[in-house]
Amino acid sequence: MPHGALWSAMADWLLTTDPHQRIRMAMAGFASLLMLCCAAIVNLMAMAGLARQDWVGWWTLVTLAGLAVQMAAIRSGWSLRLRDPSLTQFQIRYALACNAAGYAILGEARGITPVILSLVLMFGIFGMSPRQLAANMLFALGVFAAAFAAVAWMDEPGRKPALELAYAAMIVLVLVGSTFIAIRLQHIRRRLTRQKHALTDALAQIGHLATHDELTGLVNRRRMAELMAVEQQRCLRNARPLILALLDLDHFKHINDTHGHAVGDQVLRSFAATAQSTLRGTDVLARWGGEEFVLMLYDTEAAHASALLDRVRLAVQTMETPTSGGSLRATVSVGLALGEPGETVEHVLERADEALYLAKACGRNRVVVHGVAPDAAAARALAEAHGTWPEI
């Protein structure tokens, strides 16, 4: 087996293949490695005659056993049933207790304890809440108070109370200072997270405003032009027609003049909501300008497109907009055009506009497909129009 595959297989066996478990095992393994290094240093102190070797031996045994239990609990998945699957709190407090016990047995070498303590406090600094950090500080103060009491009770030969007091002050400073800095970092991290979310929301809002109409919430003209260009290329590749429709609210100028622009705006919003609720999720409706809208239909047959637009027309016809004088009804005229192979978006829109003109001329509130003759009644209405452009 190649060395790379062998190392990968060993890593999978040791750390598991679950990505979350691998992170937990890696962090617990690194913490255990640091504790092993500290245990080695403590044993070197004992071998140098600075501490009792029998006490250090028992301390090492208990420390290593605790580390083995933690690693086994995480590796086996047993810790997954707990609120903290990483056992971060347990690992930190166990390390604090071992550190305090080490202070009690290290004799003249107990001055290294604050250094080891600072290493312990670094773990979990970003994964714990300020309350947990404060709780760990109080726990550490408690176990070290017990360690100081044990040292005073043993009253070892050569013990210097002034030096013990200095050690105590140093440990308190390390605990309080580390906790304060950790809590401060937590506050900064939360503030940065809030600012990041606010910036993300602001950018999303700016992006939405740049591509959507503010009044109706529909796609705006600029964005619609981009979407139609993309769809035209897709239709060209798939040999499908680009299907566009122009929708224009009937007598909208009369609505504005009679009821005011506020009511006119409400009619536009109501139309947008009514049309979108009738259309499919894949279709794109855009405000093209004023009371005129453009609809792009995806993967639709001509007959189905006409039927879909007629459903939109009927839905708008039953739409009611409340005004001071009662409910206001509106209708919409629709011109539909199906693109031909190689035809530009602009040309398809021109033909849809011609169909819209025909719908207006034939009496409004109807759907006209470009190239398809209107029914007999519509044709008579068109003949009566004498070829003049209809009022919209």
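Throughout, read-outs are computed from the coordinates displayed, never taken from laboratory work. Because the structure is predicted, anything quoted here is derived from the model rather than measured. Neighbour counts are summed over all protein chains in view; Cβ atoms, including those assigned to glycine, are modelled from backbone coordinates with ideal geometry.
Miscellaneous remarks
- Estimated distance in nm for a label pair at A149 and A202, the labels positioned 7 Å out from Cα along Cα-to-Cβ: 5.5 nm
- When shorter helices are ignored and each DSSP H run of at least 4 residues is given -39500 (n - 2.57), the per-residue value for the chain at 222 nm works out to -22500 deg cm²/dmol.
- Note on A72 and Q233: the model spin-label points, each 7 Å out from Cα along the C-beta direction, lie 6.2 nm apart.
- Shape parameters for the chain, alpha-carbon atoms, Rg then Dmax in Å: 38.5, 121
- If the chain linking S327 and E354 were pulled fully straight, counting 0.36 nm for each residue of separation and taking away their Cα-Cα distance, it would gain 6.5 nm.
- Our analysis of the stretch 89-131 gives Rg over Rh at 1.05, with the two radii drawn from alpha carbon positions and Rh computed by the Kirkwood formula.
- Listing S306, S333 from fewest to most neighbouring C-beta atoms within 10 Å gives S306, S333.
- Dipole in debye (nearest 20) - the chain, about Cα centre, beta carbon charges: Lys, Arg +1; Asp, Glu -1: 1800 debye
- Between T331, T216, T323, the Gaussian network model of the chain with springs among Cα atoms under 10 angstrom shows the greatest mean-square fluctuation at T323.
- Mean separation of Cα contacts under 8 Å (6+ apart) over length of the chain, as relative contact order %: 11 percent
- Of all lysines in the structure, the ones whose alpha carbon falls short of 23 Å from that of K253, not counting any fewer than 8 places away in one chain, are K360.
- One decimal place: the segment R190-V176 gains 2.9 nm when fully extended, by the rule 0.36 nm per residue minus the C-alpha distance.
- Three principal axis extents describe the C-alpha atoms of the stretch 1-97; from largest down they are 46, 39, 14 Å.
- Calculated FRET value between D257 and E340, using beta carbons and R₀ = 35 Å, to 0.05: 0.30
- Comparing Q132, I23, W153 along the charge dipole axis of the chain, the residue lying farthest to the positive side is W153, per the Cβ-charge model.
- Net charge dipole size for the stretch 221-384 [Lys, Arg +1 and Asp, Glu -1 on Cβ; Debye, nearest 20]: 300 debye
- Gain in span if fully extended, L44 to R280, counting 0.36 nm per residue against the direct Cα distance: 77.4 nm
- The stretch 3-204 pair-distance distribution - Cα-Cα, 5 Å bins, rounded %: 1, 7, 13, 15, 16, 14, 11, 9, 6, 3, 2, 1, 0, 0, 0
- Ordering of 148-156, 234-242, 128-136 by burial proxy (mean other Cβ atoms within 10 Å per residue, highest first): 128-136, 234-242, 148-156
- Amide H contacts under 5 Å for V369, placed H, 5+ residues apart: L336
- Dipole magnitude for the stretch 3-204: about 780 debye, using +1 per Lys or Arg Cβ and -1 per Asp or Glu Cβ, origin at the Cα centre.
- Helical segments meeting 27 Å axial Cα length and Kyte-Doolittle -0.5 threshold in the chain (DSSP H): 19-47, 53-75, 130-154, 161-211
- Cα→Cβ-extended label distance, 7 Å offset, between A169 and D310, nm: 9.4 nm
- The stretch 333-364 versus the stretch 143-191: alpha-carbon centroid distance in Å: 82 Å
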